[in-house]
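Visitor: Mind looking over this structure? Questions follow.
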Amino acid sequence: MRVIFTLIILYYIMAKKQNTVDTVEEPVFNKKIETPVSKKKDDWVIKDRMYILKDGVSPLTYSMKSSNIYWFDEEKGYERELKLTTNQRTVFVDEMKGDQILGRIVFENGSFFVKREKTVLQKLLSLYHPKLNSAYEEYNPVEIAKDELVDLELQIEALNAAKNLDIDIAEAVMRVEIGSEVNKMSSKELRRDLLLFAKSNPDMFLELVSDDNVQLRNFGIKAAEAGILKLSDDQRNFVWGSNGRKVMTVPFDEHPYNALAAFFKTDEGMEIYSNIEKRLKE
């Protein structure tokens, strides 16, 4: 009995010692945290795509080269040969393996529809083909809407300017467009044709309206038509119609009325301009 009690006491003491032993923790070293390398996101969108010939061209069929074409690779620094095939996963010849079955690019009635599964063909047409944006373009309704909006806004700006344009400036602008025919037009006809011109060619119209030389040229032409000024037969000199005295010499290789408009801006020219203006009002 005493032996059993002794063993129990001994077991208790040993267990207590084991519980009181200091636990040595394994030192924690600063571990390098590896940042996952982010792969470059491919911004290519998988979708059906439509390609159309430029300038509204729409022949029954139009075939485009699908081989022996090249694209300059900026990263590699040299041209790479392109080829469309039906059995390869790339258009780059230097990446192809095995036999190559040539594919075709055929537009019908001015357009070429490519399904979303034909990614290789789409990338050739959207990214690499040398005829992109010269012979054809990818149909993009958003970009088309942007371009059309710019055109419409420019047209509205031109029409508003034409509507409020002074009749003398209107005549000067239309003289550039139709020449001396402007002399035969009534004010209503002039206004109508001015609006039509602004609508059909807003860029040129706005450029002419903002060009003060246009008005000065028109002034000079009116002076010549009224006989106040006269342009010599060799178109080298403007003279007074009343006495033949020289007003100015036209510089070599310059249009006479452009030169006259520039002359009216000089000190001497401004005096002659005022003189002519008075005579035109008589």
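Just so it is clear, none of the values below were taken in a lab; they were calculated from the coordinates. Since the structure is predicted, the reported quantities are computational estimates derived from the model, not experimental observations. Neighbour counts run over all protein chains shown; Cβ positions are idealised from the backbone, glycine included.
Visitor: Of all residues in the range 236-260, which are under 18 Å from GLN215 (Cα atoms), of a type in the set (A, V, I, L, M) and part of a loop (DSSP other than H, G, I, E, B)?
Guide: none
Visitor: Need a quick list: helices (runs of 4 or more DSSP H) entirely within the range 93-186 having at least 2 residues that are free of Cβ contacts under 8 Å to residues at least 12 places away in the same chain and exposed (fewer than 11 other Cβ atoms within 10 Å of the Cβ).
Guide: The qualifying helices (runs of 4 or more DSSP H) are 141-163.
Visitor: Looking at ILE221 and the list (1) crowded, with 20+ Cβ neighbours inside 10 Å; (2) out of contact with any Phe, Trp or Tyr (no Cβ under 9 Å at 6 or more places or on another chain); (3) of a type in the set (Val, Ile, Thr), which single condition is not satisfied?
Guide: Failing condition for ILE221: (2).
Visitor: If LEU229 satisfies all but one of (1) without any contact (Cβ under 8 Å) to a residue 24 or more places away in the chain; (2) farther than 17 Å from GLU177 by Cβ, what's the number of the condition it fails?
Guide: (1)
Visitor: Let me ask another. State which residue pairs qualify: first residue touching a residue at least 12 places away in the same chain (Cβ under 8 Å) and inside the range 247-273, second residue part of a loop (DSSP other than H, G, I, E, B) in any location, beta carbons under 7 Å apart, and separation of 6 or more residues or different chains.
Guide: From residues that are touching a residue at least 12 places away in the same chain (Cβ under 8 Å), the pairs are THR249/ARG236; VAL250/GLN235; VAL250/ARG236; PRO256/GLN235; PRO256/VAL250; TYR273/PHE264.
Visitor: Sort out which residues of the range 52-97 are among the basic types (Lys, Arg) and under 28 Å from GLY110 (Cβ atoms), and write them in order of number.
Guide: Answer for the range 52-97, where residues must be among the basic types (Lys, Arg) and under 28 Å from GLY110 (Cβ atoms): LYS54, LYS65, LYS83.
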